[in-house]
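The values are calculated or read from the model by the stated rules, or taken from the named source; none is laboratory data. Note that the structure is predicted; figures quoted are calculated from it, not measured. Note: accessible area is taken over every heavy atom of the protein model, side chains too, but ligands, DNA and RNA are not part of it. Shrake-Rupley method; radii C 1.70, N 1.55, O 1.52, S 1.80 Å.
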Amino acid sequence: MSNAGDSTVREQRAVLETHRQEVKERLCELSCHLEAIEKKINRCKQEKQINYSKEIERS
């Protein structure tokens, strides 16, 4: 009986470890996406500041 339980625990652990690795990979992927989005937002902010500065100079 105890051997069957050990087998189940090993299987559960293997499933959990696989899932953990998949989650880590997804987090890494999402982190890269977030970084790209942040860069785009910063670029938009910079462009807005440049345009605002040009408007002030024209005034």
(request) Considering each of GLU29, GLU17, GLU11 in turn, give the residue that is of a type outside the set (Val, Ile, Thr) and open to solvent by 100 Å² or more (accessible area, probe 1.4 Å). (result) GLU11
(request) Give me a count of the residues in the range 17-59 that are at pLDDT 95 or above and among the small types (Gly, Ala, Ser). (result) 2
